[in-house]
Structure formats: structure tokens, C-alpha cells
Amino acid sequence: MAKVEVLKLASDHLREPLASELENDESRFSNRAVQILKFHGSYQQSNRDHRHRDWSMMLRLRSPAGRIPAQLYLALDELADRYGNGTLRATTRQTFQLHGIPKQDLRMVLGTIVRNLGSTLAACGDINRNVMAPAAPYTTGGYPAARRLADDIAALLTPQAALGAYLDLWVDGDMAYRLRSTAKVRKVNRQPAPSAVHSGDEQEPLYGSRYMPRKFKVGVTVPGDNSIDILTQDLGFVIFTDTMGRLVGANVHVGGGMGRTHNKEDTFARTADPLGYVQRHQVLALVKAVVALQRDHGDRQSRRHARLKYLVHDRGMDWFKACLSNYFHGDIRPLRKEPTRKLEHYLGWQRQGDGLWFVGLPVMTGRVAGPLKDTLRELVQRYRLELRVTPNQDILLCGIASNRKRDIQDRLDAVGLQESALVEPTASHGLACPALPTCGLAITESERTFPDVLARFDALRRSLGIQQPLLIRMTGCPNGCSRPYMAEVGLVGSAAGHYQLWLGGTPGLTTLARPVLDRLPLADLEAVLRPLFSHWVRTAASKSFGAFCQDYTTEQLQDLLGTNGFPPAA
Ligand code: SRM
Ligand code: SF4
């Protein structure tokens with residue numbers, strides 16, 4: 001068993017040694033407590049810009065479909081100023097993180113989040129993570145049903161015993177904050193399930209006392225809307241609805257994931273495989289079944305190899321389906337036809353469908369700070385607006401009455417978010433992970449250098465007369481937190497100031513990109529890409545850059561780059 005497995009088992013359902021260490025005066029937790037702390041939604045970090053280690057905590061919320069009510073947002077805004085580093089960060093899985101919370105303030109901060117109806121339980125750790133769904137608050141089409149299903153899945157996969165530990169630790173056991181299971185979830189849990197689904201642990205019936213072998217990620221969307229990057233999820237649903245917007249069933253995909261390690265060929269990014277179509281009343285039972293299958297068969301020895309994607313890859317879909325039949329007695333039918341998938345951003349002003357408006361704000365790298373933060377607080381305070389975080393690290397302000405549009409836009413103008421600037425191609429397509437200075441795994445910069453990188457791409461496009469937008473994603477290491485392996489241009493940190501270059505993803509996030517260079521010095525970005533971009537505009541300007549790259553082999557792409565002797569990717 002991997003070491004973390006032993007810790008989980010000995011933790012009394014994710015309580016110890018965290019509970020004891022919360023009582024001491026140390027400025028940091030032990031490595032053992034840190035592993036348990038993750039399940040409560042927090043990571044211990046130290047600022048890597050500083051010479052001495054100065055410990056603080058990052059906190060991550062869980063907010064299915066990215067929904068953040070006004071009350072919670074205002075609490076987060078204040079907590080960030082009072083106890084954190086004065087910023088909030090919208091994440092690629094549709095929630096907010098706070099950074100820089102001292103250990104002695106953790107209980108106060110986390111308790112305040114819970115008291116304001118938020119939660120951080122299971123935002124990190126070996127468990128189901130934040131459930132994604134289209135952020136747009138549309139009241140028509142399948143959107144409301146997708147959001148409801150995301151909520152149901154989040155409730156269904158909430159750990160039971162760990163929830164008790166969570167409330168004990170952070171709000172003195174006040175069970176009034178118990179996340180309420182919806183009626184549908186209660187019904188699924190009452191339904192007789194194949195015995196294999198039960199973990200054998202009465203207190204934690206689905207997960208058992210060792211929880212999952214590794215993190216587990218679920219996303220839900222509607223046909224044609226690929227804002228949630230469905231093929232990167234461990235378990236992804238594309239739902240179909242009737243004319244009344246009621247769920248009728250879903251196409252299911254399994255085994256996606258981005259994380260990999262440089263020079264370890266047995267780790268890789270992978271897009272999910274289609275499993276089939278399931279009917280409405282069987283969707284939640286299928287969710288439980290896939291979780292239970294991965295719980296029992298996922299690798300508990302090598303954490304590097306523990307995600308569902310490796311199980312699906314190693315054993316194959318035929319094995320997976322056969323094994324699933326022990327956990328799921330429902331009917332899996334052939335996939336239903338879907339329209340072409342598109343990455344929706346929902347930026348600018350749009351109607352919700354209920355007489356109200358929402359406005360989508362591009363937030364560079366998801367970082368909410370300075371005047372933008374002040375303006376958001378004022379707007380949320382004044383109009384009690386609900387926020388939605390998109391998987392593109394952007395923010396939607398929702399539920400706006402027509403007569404408030406002018407005032408809101410005026411205030412957005414003042415922070416550079418003029419109506420015309422709300423939809424700006426390259427910036428609105430970019431994603432970058434936090435990397436330095438907070439991320440302990442970063443090899444090089446990402447968030448801090450990304451605005452400059454985007455500006456350089458824009459200048460390069462302009463100099464070549466390129467009109468098409470480009471989907472650019474950057475990370476400080478190969479773990480793939482901004483899903484760079486799906487982008488048209490993926491820059492994956494490989495050494496200080498150097499990036500592995502991935503090409504061939506598509507604007508609709510439908511294909512895995514390919515590594516083309518291993519160590520591109522960031523300083524040489526233009527010199528390397530200009531010849532390839534020139535060839536694109538000369539030969540295939542009407543195609544997206546991703547589609548153009550797919551017409552070439554990796555070797556051909558390497559020849560078309562101005563590599564000046566940089567080593568090609570292995
Ligand atoms: Fe991530 C670890 C940040 C989405 C794959 N991720 C981390 C840690 C916690 C570093 C650590 O373990 O010490 C990062 C904290 C940095 C910091 O200072 O805040 C971190 N991940 C993020 C966020 C904040 C990036 C962002 O730009 O928004 C995202 C938070 C999402 C959320 O709200 O839950 C984030 N991480 C992702 C995604 C994208 C997704 O889920 O859609 C992925 C790729 C998808 C996947 O899981 O395959 C991702 N993060 C990883 C991995 C590699 C996992 C693997 O299977 O190998 C790690 C490392 C690990 O788990 O060992 C990691
Ligand atoms: Fe850290 Fe790597 Fe994730 Fe970036 S991709 S946040 S550097 S783990």
C-alpha cells in the first residue's frame with residue numbers, strides 16, 4: 001500500500017492527526033496531518049519567492065457548477081483581505097481558492113465559509129472533487145437540468161463520516177450545516193444496489209475507510225457545450241432533456257485525465273472513452289457504480305498510476321464494461337448523437353431566459369485582485385448578485401435586472417471592462433495555473449508570466465495578419481492543472497524559463513495535443529513559432545490552428561518550426 005493509504009486508514013475517517021495538530025501552537029502541520037488536511041479542502045504551502053519557508057494554507061471551495069451565492073462571495077472577499085494574501089483565485093474547476101492563510105486562523109476562516117453556506121469538504125484529496133457543469137445561468141434548454149444533476153452528483157458523492165469530522169473540526173460539530181441531500185439522492189441511496197457497491201464500512205458506505213485511490217473528477221454538460229472539457233474528466237455526462245427541459249438520459253464517458261510526469265512514459269494525458277447512453281433514472285446509480293469500481297480496482301500502491309484513466313487504459317473498455325456489470329445492473333445503450341462540441345465562454349452581456357441578464361467577465365488567470373476585486377465586491381453588495389465561476393477561470397455576474405445594466409457596465413468600464421473588451425479573442429481563450437510562488441510542484445512560472453505571453457502571441461498574430469483566435473494554455477509543470485494538453489498551443493513547464501510545446505488540440509477541446517518540443521526557451525517563443533504560423537496563414541488560413549496542425553505529423557511540425565537546433569520532443 002502507498003503510505004497515504006495507511007494514513008487514510010488510521011485517520012478515523014479523516015479526523016486525525018489533523019484534529020490534534022489544530023490544537024497546537026506550531027505554525028505548520030506535520031506531513032501526516034497535511035495528507036488529511038487536503039480532504040478538508042486545504043493545502044499547506046510556503047511562498048517560494050522567500051528564502052525561508054513561511055508556512056500558510058491554501059483553501060479551495062467546492063461549488064458544483066461554479067455557483068457562489070452573494071453572501072458567500074462577500075465572506076470570501078473579506079476573508080482574503082483579513083487573513084489571506086488579499087486576492088481570490090477562480091480555478092479551472094469552477095471554484096475559488098484563497099492563499100496565504102496562517103495555520104492559527106484556519107479554523108476561523110474555514111468556519112466562516114461554512115457559516116456563510118460554503119464548503120471546502122472534499123475540494124482536494126483522494127475523493128470526488130468539485131463537480132463541473134456549464135456555468136451559464138440559462139433557464140432554458142438542458143442547462144437547468146445539467147446544473148441539477150451536478151448538484152445531485154455532488155450530494156451523492158459527499159463522504160458521510162468525513163462530513164461529521166469536517167463539521168466537528170470547523171464549526172464545533174454544528175450539524176445544522178449538514179449539506180442537505182436532495183430527495184433524488186436519498187431515493188438512490190434507498191434503492192437496492194448490487195452488493196459490490198457497498199464498501200463494507202457502515203459509516204462510509206460508498207468510499208470505505210481508505211476513500212479513493214486518488215482524486216476523482218466528474219463533469220456534466222449539455223450537447224454541443226464543451227465548456228467543461230468533458231474528455232478530461234474521469235466521468236463525464238452529456239445530458240439529453242425533453243421539451244420541458246427534464247432529464248431523459250445521458251451519454252457517458254470514462255477515463256479522462258491530464259496529469260503526467262516528464263520523462264515517465266507510463267504517465268500520460270488521456271481523453272475519456274465513450275461508455276454508452278444511460279436513462280434518466282439510472283444515471284446516479286451509474287455514478288456510484290463507477291466510483292465503487294475505481295475504489296476497488298484503482299492502483300493503491302503507485303499513486304502515479306492510481307487514476308481511473310490508467311485502469312481503463314491498462315485493462316481496456318471491454319474489461320471495464322464487464323467489471324462494471326458487477327456494480328451496475330442498469331442498461332447501457334449505444335451513444336446518442338451529439339452536435340459538434342464547442343468551448344463556450346459566455347462572456348459579455350446575455351439574457352438568462354427569465355427576464356434577467358448575466359454578464360461574463362474575462363478574468364486574467366482567474367486572479368481577482370485590486371480594483372477588479374473592489375468593484376466585484378461593490379456590485380455584489382449593492383445588487384446581491386450571484387456569481388458563477390467558469391472552467392475558463394472567468395466570472396459571470398448573474399440575475400441582473402435590465403434597469404441595473406447601465407450602472408453595472410459603468411462600474412465595469414472604470415476597471416477596463418468596457419463592453420467591447422469583454423470578448424477579446426486571445427486573452428479570453430487563455431488559461432494558466434498558479435505555479436510560482438505558491439505551488440509546491442511548480443518547475444517554472446505560469447500565472448505571473450502569462451499576461452506577457454498572451455501579449456506576445458497577440459503581437460505575433462497581428463504581425464502575420466492572423467484573424468483567428470488561438471487557444472493557449474500554460475502550466476508550470478506537467479500535472480496539467482490548466483488542461484494544456486487540450487489546447488491549440490500548450491506550454492508545459494519543463495525547466496526554469498523552458499516549456500514543453502504541445503500542438504494539435506482544437507478550439508472545441510475534442511482532441512489531445514501532441515508534444516513537439518521538450519524545452520522551448522520562453523525567450524525564443526516568436527522565433528520558434530513564426531515560421532509555423534506563417535505556413536498556416538499561407539496554406540490554411542480558413543482552418544483553426546489546431547485543425548491545421550492535425551494535417552501534419554509531429555516530425556513535419558518540428559520541421560516547420562524555427563527550432564534553431566532545439567531538441568525535438570522524444
Ligand atoms: Fe491541480 C495538484 C492547482 C485543476 C491536475 N493542483 C495541484 C496543487 C494542489 C499542487 C500540489 O499538489 O501541491 C496546485 C495548487 C496550486 C496553488 O498554489 O494554488 C493545483 N489544480 C490547481 C488549480 C487551482 C489550477 C488553476 O489554475 O485553477 C485547479 C483547481 C481546481 C479545483 O477547483 O478543484 C486545478 N489540477 C486541475 C486540473 C484540471 C481539472 O480538474 O479540470 C487537473 C488536470 C485534470 C486531472 O486531474 O487529470 C489537475 N493538480 C493536478 C495534478 C495531477 C493529477 C494526476 O492525475 O497526476 C496534481 C498533482 C497531484 O495530484 O499529485 C495537481
Ligand atoms: Fe502547480 Fe503544476 Fe498544477 Fe501548475 S500544473 S498549479 S505548477 S501542479
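The values are calculated or read from the model by the stated rules, or taken from the named source; none is laboratory data. Please read all numbers here as calculations on a predicted model, not as lab measurements. Here Cβ is always computed from backbone atoms with ideal geometry, including for glycine, and neighbour counts include all displayed protein chains.
Is it the case that segment 424-446 has a residue that's over 22 Å from the mean Cα position of the chain (by Cα) and either surrounded by fewer than 24 Cβ atoms within 10 Å (Cβ to Cβ) or closer than 30 Å to residue 49 by Cα (or both)? Yes, because at least one residue in segment 424-446 is over 22 Å from the mean Cα position of the chain (by Cα) and either surrounded by fewer than 24 Cβ atoms within 10 Å (Cβ to Cβ) or closer than 30 Å to residue 49 by Cα (or both). Within the span defined as segment 134-146, every residue fails to be of a type in the set (A, V, I, L, M, F, W, C), in contact with a helix residue (DSSP H, G or I) (Cβ under 6 Å, 6 or more places away or on another chain), assigned to a loop (DSSP other than H, G, I, E, B) and closer than 26 Å to residue 27 by Cβ. Sub-8 Å Cβ pairs linking a first residue in segment 517-530 that is closer than 9 Å to residue 498 by Cα to a second residue that is among the polar types (S, T, N, Q), at least 6 apart or interchain, are 518/494; 518/500; 519/494; 519/500; 520/500; 522/449, ordered by first then second residue.
Quick check on residue 87: is it among the polar types (S, T, N, Q), surrounded by fewer than 23 Cβ atoms within 10 Å (Cβ to Cβ) and outside the structural domain of residue 162 (by TED's automatic domain parsing)?
In short, yes.
Number of residues in segment 278-302 that are surrounded by 18 or more Cβ atoms within 10 Å (Cβ to Cβ) and part of a strand (DSSP E or B) equals 1.
Scanning segment 424-470 for residues being touching a Leu at 6+ places or on another chain (Cβ under 9 Å), within 15 Å of ligand 1 (Cβ to nearest atom), within 27 Å of residue 342 (Cα to Cα) and not hydrophobic (A, V, I, L, M, F, W, C) gives a total of 4. Close Cβ contacts (under 9 Å, 6 or more residues apart or on different chains) running from residues in segment 474-489 that are touching a residue at least 24 places away in the same chain (Cβ under 8 Å) to residues that are among the β-branched types (Val, Ile, Thr) and near ligand 2 (Cβ under 6 Å from one of its atoms) comprise 481/475; 482/475; 483/475; 484/475.
Out of everything in segment 268-277 that is not aliphatic (A, V, I, L, M) and not in a strand (DSSP E or B), what residue ends up being surrounded by the fewest Cβ atoms within 10 Å (Cβ to Cβ)? Of everything passing the filter in segment 268-277, 268 is surrounded by the fewest Cβ atoms within 10 Å (Cβ to Cβ). Applying the selection to segment 464-479, what residues are near ligand 2 (Cβ under 8 Å from one of its atoms) and not in a strand (DSSP E or B)? The answer is 476, 477, 478, 479.
Within segment 54-65, is there a residue that is more than 11 Å from ligand 1 (Cβ to nearest atom), buried (at least 24 other Cβ atoms within 10 Å of the Cβ), outside the structural domain of residue 391 (by TED's automatic domain parsing) and among the aromatic types (Phe, Trp, Tyr)? No, because not a single residue in segment 54-65 is more than 11 Å from ligand 1 (Cβ to nearest atom), buried (at least 24 other Cβ atoms within 10 Å of the Cβ), outside the structural domain of residue 391 (by TED's automatic domain parsing) and among the aromatic types (Phe, Trp, Tyr).
Considering only residues in segment 1-53 that are touching a helix residue (DSSP H, G or I) at 6+ places or on another chain (Cβ under 9 Å) and basic (Lys, Arg), the one that is surrounded by the most Cβ atoms within 10 Å (Cβ to Cβ) turns out to be 8.
Let's see how each residue does on (1) within 26 Å of residue 133 (Cα to Cα); (2) more than 16 Å from ligand 2 (Cβ to nearest atom); (3) modelled with pLDDT of 95 or more; (4) of a type in the set (Asp, Glu):
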position: 391; (1), (2), (3), (4): yes, no, yes, no
position: 401; (1), (2), (3), (4): yes, yes, yes, no
position: 421; (1), (2), (3), (4): yes, yes, no, no
position: 431; (1), (2), (3), (4): yes, no, yes, no
position: 441; (1), (2), (3), (4): no, no, yes, no
position: 452; (1), (2), (3), (4): no, yes, yes, yes
position: 462; (1), (2), (3), (4): no, yes, no, no
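Checking each residue in segment 135-160 for being among the aromatic types (Phe, Trp, Tyr) and within 20 Å of the chain's Cα centre (by Cα) picks out only 143.
Among the residues of segment 490-507, which ones are more than 14 Å from ligand 1 (Cβ to nearest atom) and within 11 Å of residue 431 (Cα to Cα)? Scanning segment 490-507 gives no hits. Residue 213 falls short of the stated requirement of being more than 13 Å from ligand 1 (Cβ to nearest atom) and part of a loop (DSSP other than H, G, I, E, B).
For beta carbons closer than 6 Å, sequence separation of 6+ or different chains, a first residue in segment 366-385 that is assigned by TED's automatic domain parsing to the domain that holds residue 413 and buried (at least 17 other Cβ atoms within 10 Å of the Cβ) and a second that is assigned to a helix (DSSP H, G or I) and of a type in the set (D, E, K, R), the qualifying pairs are 375/411; 377/77.
Of all residues in segment 355-413, those being among the hydroxyl-bearing types (Ser, Thr, Tyr) and touching a Cys at 6+ places or on another chain (Cβ under 9 Å) number 1. If you filter segment 303-330 down to residues that are out of contact with any strand residue (DSSP E or B) (no Cβ under 7 Å at 6 or more places or on another chain) and outside any helix (DSSP H, G or I), you find that the one that is farthest from residue 260 (Cα to Cα) is 329. Looking at segment 487-506, which of its residues are closer than 13 Å to residue 549 by Cβ and either at pLDDT below 95 or buried (at least 23 other Cβ atoms within 10 Å of the Cβ) (or both)? Within segment 487-506, 487, 488, 489, 490, 501, 502, 503, 504, 505 qualify.
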